[in-house]
Amino acid sequence: MRIAQVAPLYESVPPKLYGGTERIVSYLTEELVKRGHDVTLFASGDSLTQAKLVPVCPRALRLDPKCVDQLAHHVLMLDKVVAQRHQFDMIHFHIDYLHFPSSRALEWTTLTTLHGRLDIPDLLPLYRAFRHMSVSSISNAQRAPLPWLNWQGTIYHGLPENQYEFSPKPSGYLVFLGRTSPEKGLDQAVAIARRAGMPLKVGAKVDAADRKYFETCLKPLMKGPGVEFLGEVGFPEKNELLGGAAALLFPITWPEPFGIVMIEAMACGTPVIAYPAGSVPEVVEEGVTGFIVPNADAAVKAIHKIESFDRAACRRRFEERFTASLMSSQYLRLYETLVGSQGEPIPDSSGVPIG
């Protein structure tokens with residue numbers, strides 16, 4: 001099959017440091033190439049891939065100090081996709097809704113994986129206007145605000161099976177990985193670690209929008225012994241950090257669409273201790289890959305259970321549920337269904353979850 005993957009330009013594919021969507025696009029693209037498909041990747045010019053790369057901008061926009069208008073580059077990318085559209089059987093978009101007018105007007109065969117939160121009021125009229133676009137979700141929970149979209153399936157994220165090494169014997173610290181925005185719960189993680197009497201290592205990205213919150217609220221919390229702030233952590237350093245952790249703290253307070261760091265921890269055999277928001281109840285299996293807790297008190301109690309946690313069973317569950325191979329197989333099923341239904345009336349159903 002001739003497949004185009006259209007990635008956001010904020011990070012390279014794969015990202016050099018932090019980056020979720022672009023990382024998943026990379027894993028999917030490389031798996032499809034490995035399976036013998038003719039894949040074209042639209043991405044930043046510093047991306048690394050075995051597919052045919054169409055470079056839209058020289059480097060990832062977030063790390064480019066000369067970039068002022070990020071949207072301009074995405075519009076240019078859409079123009080390149082339009083020019084080459086006849087070369088593809090399927091165009092898989094990962095850029096939210098930017099392409100919707102073009103895709104509908106030109107009657108492309110497309111799939112759009114929605115990677116972000118959908119509970120924002122501004123999105124409601126837009127998605128109502130384009131409710132027949134074929135979309136897929138990354139968790140069933142992500143769909144809740146817009147259940148009437150033309151959902152084709154839910155496909156959980158997957159990682160290359162051998163990318164993260166299993167770590168049977170962790171060191172005695174906890175870890176937090178993610179952004180420093182309030183909804184990610186770094187303040188909760190610090191409080192939980194201190195109450196549990198365990199050191200906390202923090203690998204976190206500070207976005208410009210979160211800088212004030214980080215400086216005024218988080219920095220004071222992290223002063224003193226027991227908390228080590230590492231900044232952004234890329235791969236392979238992330239493997240060592242997660243593998244050495246006794247547990248990953250994931251005390252989120254927002255409707256997380258998926259949460260890649262949870263399955264990265266599982267791949268190392270590291271349990272996830274998480275609040276039950278968004279995708280968490282779908283991703284974490286109680287007692288098998290971690291513990292779902294309602295508050296900090298329960299999180300501290302869960303930490304006392306990790307000495308008897310079966311890290312090997314956690315790794316096995318990752319291999320059963322969250323590999324890139326499984327993810328690519330599920331996406332291929334959707335591609336084949338959509339290509340096969342070309343010319344048929346567009347369904348108005350919500351689709352059937354796959355993941």
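Each value in this text was obtained by applying a stated rule to the coordinates, not by laboratory testing. Model, not experiment: these values are computed from the prediction. Because the Cβ atoms are built from the backbone with ideal geometry, glycine has one as well, and the counts that use them run over all protein chains shown.
A few notes on this one:
- Rel. contact order, % - alpha carbon contacts under 8 angstrom, at least six apart, region 173-321: 23
- Counting only Cα atoms, the size of the chain along its three principal axes is 61, 43, 39 Å, in decreasing order.
- Counting Lys and Arg as +1 and Asp and Glu as -1 over every other residue whose Cβ lies under 13 Å from the Cβ of Leu146, the net charge comes to +1.
- By the rule of a C-alpha distance below 19 Å, with chain neighbours fewer than 8 residues away ignored, the lysines paired with Lys219 are Lys184, Lys201, Lys205.
- Every Cα-Cα pair in region 173-321 was counted, and those over 29 Å apart are 8% of them.
- Backbone geometry of region 180-196 corresponds, through the Karplus equation with coefficients 6.51, -1.76 and 1.60 at θ = phi - 60°, to 3J(HN,Hα) couplings of 9, 6, x, 5, 7, x, 4, 4, 5, 4, 4, 5, 5, 4, 5, 5, 7 Hz, x marking Gly and Pro.
- Under a Gaussian network description of the chain, with springs only between Cα atoms under 10 Å, the residue in Leu98, Leu177, Leu32 that fluctuates furthest is Leu98.
- Taking amide H as placed 1.01 Å from N in the peptide plane, the amide H of Thr154 sits under 5 Å from that of Ser137, Ile354, Gly355, each at least 5 places away or on another chain.
- Tyr173 long-range amide H proximity, modeled H, under 5 Å: Ala246
- For Glu232, distant residues with modelled amide H under 5 Å away: Ala204
- Across region 3-41, the residues whose backbone nitrogen lies under 18 Å from the label position 7 Å along the beta-carbon direction of Gln50 are 3-5, 13-15, 23-41.
- Candidates Gly259, Gly45, Gly36, ranked by Gaussian network fluctuation over the chain, Cα under 10 Å, top entry: Gly36
- Most mobile listed residue (Met222, Met266, Met133) in the chain, GNM with C-alpha springs under 10 Å: Met222
- Counting charges near Ala277 (Lys, Arg +1; Asp, Glu -1) among other residues having Cβ under 10 Å from its Cβ returns a value of -2.
- Net charge of the neighbourhood of Ala51, taken over other residues with C-beta under 10 Å away and scored Lys/Arg +1, Asp/Glu -1, is -1.
- For the pair Asp122 and Asp89 in one chain, pulling the backbone fully straight at 0.36 nm per residue adds 8.7 nm over the alpha carbon distance.
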